[in-house]
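Shown next, in structure tokens, is the structure this report addresses.
The values are calculated or read from the model by the stated rules, or taken from the named source; none is laboratory data. The shown structure was predicted, so the numbers you read here are calculated from the model rather than taken from an experiment. We place every Cβ from the backbone using ideal geometry, glycine too, and count neighbours over all the protein chains shown.
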Amino acid sequence: MEQLDGTEMLDLMVSPVFCVKDGRIVKLNEAASRLFLREGVEIAQLLESGTEDYAAFSGGMLYVTLCLYGQLWGATVTKVADMDVFTLDQQFDSDELRVLALAARE
């Protein structure tokens, strides 16, 4: 029987989802690829807020914001095995982003 790594479920999700390992995107679903994300992209260049928190992230859940080609997105990060799974949930305008970044910081 073939060993599954747990990322096969990504393609069943409607939301854009991608996995990061060693600071780079290593797997993404169809919805994420429609946002022009690609394997090999460094996550650090996409983080809009939560950079310090993500650098210290070792488990549980974390909320960050990403900038994807001029669009701001909220993302929940979950640790699964040796990868971080980013689930994008919505786009924000800059005022909403500031409020969420402050709330997340608190």
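Per the listing Glu96, Glu42, the residue uniquely surrounded by 12 or more Cβ atoms within 10 Å (Cβ to Cβ), more than 22 Å from Asp11 (Cβ to Cβ) and modelled with pLDDT of 95 or more is Glu42.
Would you please name the residue that is farthest from Arg24 (Cα to Cα), looking only at residues in the range 54-85 that are in contact (Cβ under 8 Å) with a residue 12 or more places away in the chain and not in a strand (DSSP E or B)?
From the range 54-85, those in contact (Cβ under 8 Å) with a residue 12 or more places away in the chain are 54, 57-69, 71-85; that's our starting set.
Among the residues that remain, those that are also not in a strand (DSSP E or B) are: 54, 57-60, 69, 81-82.
Values: Tyr54: 13, Phe57: 15, Ser58: 16, Gly59: 18, Gly60: 20, Tyr69: 17, Ala81: 15, Asp82: 12 Å.
Taking the candidates together, the pick is Gly60.
Within the range 51-62, is there a residue that is closer than 22 Å to Val14 by Cα and out of contact with any Phe, Trp or Tyr (no Cβ under 6 Å at 6 or more places or on another chain)? Before the answer, list the steps.
Residues of the range 51-62 closer than 22 Å to Val14 by Cα: 61-62.
With out of contact with any Phe, Trp or Tyr (no Cβ under 6 Å at 6 or more places or on another chain) added as a condition, the list becomes 61-62.
Checked against the condition, which is being closer than 22 Å to Val14 by Cα and out of contact with any Phe, Trp or Tyr (no Cβ under 6 Å at 6 or more places or on another chain), the range 51-62 yields at least one hit.
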